[in-house]
Amino acid sequence: MTGVIPLPARVLALLGAVAVIACSGAAVASPSGSRSASTRATAIAAGGLHTCLLTSAGAVKCWGYNRYGQLGDGTTTDRHAPVAVSGLAGGVAAIAAGYDHTCALTSAGGVECWGWNKYGQLGDGTTTDRRRPVDVSGLTSGVAAIAPGGGHTCALTSAGGVECWGDDEVGQLGDGTLTQRYTPVDVSGLTSGVAAIAAGAAHTCALTSAGGVKCWGDDELGQLGDGTLTQHYAPVDVSGLTSGVVAIAAGGDHACALTTAGGVKCWGDNTGGQLGDGTNEGSSTPVAVSGLTSGVMAIGAARASHTCALKTAGGVVCWGYNVDGQLGDGTTIERTAPVDVSGLTGGVAAIAAGGVHTCALTSAGGVECWGGNTHGGLGDGTKIDRHRPVGVIGFGGVVRCVVPNVLGEPLAKAKTRIARAHCRVGTVKRVASRKKKNTVVGESPRPGKRLRKGARVNLTVSRGR
């Protein structure tokens with residue numbers, strides 16, 4: 001983005017081709033393709049249980065969990081497919097998602113945030129949750145990048161400085177105190193010379209214009225990378241990474257760096273294998289990710305315990321915790337080293353790792369997601385977990401009839417659920433049964449079957465004895 005401290009030519013060559021994931025998502029160059037501006041995504045961001053995208057028209061759409069208003073549509077209703085964020089139909093340059101809040105960088109260099117605000121992480125001077133975007137106090141211009149974390153948020157200014165606000169229980173704001181802030185404050189020693197930022201659950205990291213990495217905040221699991229387990233209220237150098245880094249990503253309690261050679265190194269918590277070194281042993285200093293010493297162009301560290309990388313050939317690999325299928329390899333098996341995401345060996349432009357799910361932006365401007373889907377964070381119109389990528393509705397995905405399980409339900413309720421699942425009731429056969437009259441005792445096709453929109457679901461219903 002314009003105004004960021006210049007990096008060496010090698011760094012610019014890498015960054016120009018990818019999205020640098022700062023805990024969730026960031027903007028990339030508009031992909032080519034035949035999609036209209038309203039249905040072509042240019043950036044993606046994944047939060048704890050929600051997801052957002054930026055269209056080539058500069059509009060923002062979100063879906064998934066919405067208890068705190070993090071979808072920005074003026075409600076607290078979960079959405080299983082993209083909905084427009086109120087007031088952001090254009091003029092947005094980048095997006096990023098925290099665990100339960102979301103922020104947008106406007107084309108004028110201002111920042112707007114919405115969602116959960118218990119700790120003041122929206123930066124509007126209050127602790128009131130917001131269902132629609134509000135301006136971050138004092139940041140209506142002059143911002144180059146944003147990074148929301150768990151209960152805090154940070155911004156990179158066009159002058160190369162860093163400002164943070166929100167929760168500061170363990171020093172994640174980096175101002176040398178443990179004082180919660182409802183509006184932005186400067187990070188100690190980082191008023192210039194920073195090229196990128198990333199925010200984790202309760203720690204924050206910065207990439208300097210010299211290619212070095214500094215982190216601050218919670219260090220209980222070594223996520224600051226300085227070789228200690230001591231929390232720091234101001235930035236400290238990550239051991240062995242004072243130069244040679246082109247991108248950073250911060251997960252729940254771990255962090256990763258992409259080197260100029262295209263390799264990946266991670267540090268911090270490793271209980272789920274998210275460091276990717278083939279073990280479950282945490283590390284307070286960077287360790288190399290197995291098999292990724294080169295050939296990587298972007299990285300994404302999840303809100304919880306998995307990590308992903310985008311390869312230069314356009315394929316995606318992931319590793320770590322996988323109970324919800326967030327690694328996308330068709331299983332729920334934890335992986336301590338990278339595995340290929342099924343069906344995504346090429347054609348990907350950016351990645352975003354959320355709490356229990358992951359998403360990819362295709363070079364054609366489509367979006368595919370996989371993993372946990374309890375609140376609709378995959379955007380495929382369902383609440384069904386997916387162990388392989390599925391298209392987001394309106395951005396490569398299509399509305400389908402997903403046959404609901406209505407066995408044992410009254411016929412009237414079954415009809416309503418079938419309609420909501422984008423199916424329609426077919427034949428209704430009545431049979432003698434010990435079940436109460438009008439209770440569904442059979443259905444075809446089987447529950448969970450994915451069919452074209454409007455497909456018929458045939459029911460067998462009790463007529464009583």
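Here is a yes/no grid of residues against (1) at pLDDT 95 or above; (2) in a loop (DSSP other than H, G, I, E, B); (3) of a type in the set (Gly, Ala, Ser); (4) within 15 Å of the chain's Cα centre (by Cα):
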{"position": "Leu327", "(1), (2), (3), (4)": "yes, yes, no, yes"}
{"position": "Thr332", "(1), (2), (3), (4)": "yes, yes, no, no"}
{"position": "Ala350", "(1), (2), (3), (4)": "yes, no, yes, yes"}
{"position": "Gly376", "(1), (2), (3), (4)": "yes, yes, yes, yes"}
{"position": "Lys383", "(1), (2), (3), (4)": "no, yes, no, no"}
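If a residue has to be of a type in the set (Gly, Ala, Ser) and in contact with a Leu (Cβ under 8 Å, 6 or more places away or on another chain) to count, how many in the stretch 122-168 make the cut?
Qualifying residue count for the region: 7.
Quick check: is even one residue across the stretch 89-106 surrounded by 21 or more Cβ atoms within 10 Å (Cβ to Cβ), closer than 25 Å to Tyr65 by Cβ and of a type in the set (D, E, K, R)?
For the stretch 89-106, residues surrounded by 21 or more Cβ atoms within 10 Å (Cβ to Cβ), closer than 25 Å to Tyr65 by Cβ and of a type in the set (D, E, K, R): present.
Quickly run through the stretch 37-66 and pick out the residues that are surrounded by fewer than 24 Cβ atoms within 10 Å (Cβ to Cβ) and either part of a strand (DSSP E or B) or without any contact (Cβ under 8 Å) to a residue 40 or more places away in the chain (or both).
Ala37, Ser38, Ala57, Ala59
Of everything in the stretch 286-311, what is of a type outside the set (Gly, Ala, Ser) and over 25 Å from Gly47 (Cα atoms)? Give them in sequence order.
Residues satisfying the conditions are Val287, Leu292, Thr293.
In the stretch 441-465, how many residues are over 24 Å from Val390 (Cβ atoms), without any contact (Cβ under 8 Å) to a residue 40 or more places away in the chain and not small (Gly, Ala, Ser)?
5
Enumerate the pairs (first residue in the stretch 414-430 and surrounded by 16 or more Cβ atoms within 10 Å (Cβ to Cβ); second residue anywhere and at pLDDT below 95 and among the basic types (Lys, Arg)) with beta-carbon separation below 7 Å, excluding pairs fewer than 6 apart on the same chain, so at least 6 apart or on different chains.
Sorted first by the residue in the stretch 414-430, then by its partner, the pairs are His422/Arg400; His422/Lys453.
So which residues in the stretch 303-316 are in contact with a Phe, Trp or Tyr (Cβ under 8 Å, 6 or more places away or on another chain) and in a loop (DSSP other than H, G, I, E, B)?
The answer is Arg303, Ala304, Ser305.
When you look at Gly355, is it more than 23 Å from Ser283 (Cα to Cα) and in the same structural domain as Gly48 (by TED's automatic domain parsing), yes or no?
It is false that Gly355 is more than 23 Å from Ser283 (Cα to Cα) and in the same structural domain as Gly48 (by TED's automatic domain parsing).
Can you tell me how many residues within the stretch 288-302 are on the phi < 0 side of the Ramachandran plot, of a type outside the set (A, V, I, L, M) and assigned to a loop (DSSP other than H, G, I, E, B)?
Summing the residues that are on the phi < 0 side of the Ramachandran plot, of a type outside the set (A, V, I, L, M) and assigned to a loop (DSSP other than H, G, I, E, B) in the stretch 288-302 gives 3.
Taking into account only those residues within the stretch 101-149 that are acidic (Asp, Glu) and out of contact with any Phe, Trp or Tyr (no Cβ under 7 Å at 6 or more places or on another chain), which is nearest to Ala198 (Cα to Cα)?
Here the residue is Glu112.
Need at least 3 residues that are assigned by TED's automatic domain parsing to the domain that holds Thr312 and surrounded by 24 or more Cβ atoms within 10 Å (Cβ to Cβ) per element, so show me which strands (runs of 3 or more DSSP E) inside the stretch 207-287 make the cut, counting only ones lying wholly within it.
213-217, 245-250, 254-259, 264-268
Among the residues of the stretch 344-369, write down those that are in contact with a Pro (Cβ under 8 Å, 6 or more places away or on another chain) and surrounded by 17 or more Cβ atoms within 10 Å (Cβ to Cβ).
Leu344, Ala349, Ala360, Leu361, Thr362, Gly365, Glu368, Cys369
If Asp385 passes every condition in (1) closer than 30 Å to Ile333 by Cβ; (2) touching a Pro at 6+ places or on another chain (Cβ under 6 Å) but one, which one does it miss?
So the condition that Asp385 fails would be (2).
Condition check ((1) within 22 Å of Thr358 (Cα to Cα); (2) assigned to a loop (DSSP other than H, G, I, E, B); (3) in contact with a His (Cβ under 8 Å, 6 or more places away or on another chain); (4) at pLDDT 95 or above) across all residues:
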| residue | (1), (2), (3), (4) |
| --- | --- |
| His387 | yes, no, no, yes |
| Gly391 | yes, no, no, yes |
| Cys401 | no, no, yes, no |
| Ala419 | no, no, no, no |
| Arg434 | no, yes, no, no |
| Gly442 | no, no, no, yes |
| Leu451 | no, no, no, no |
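The values are calculated or read from the model by the stated rules, or taken from the named source; none is laboratory data. The shown structure was predicted, so the numbers you read here are calculated from the model rather than taken from an experiment. We place every Cβ from the backbone using ideal geometry, glycine too, and count neighbours over all the protein chains shown.
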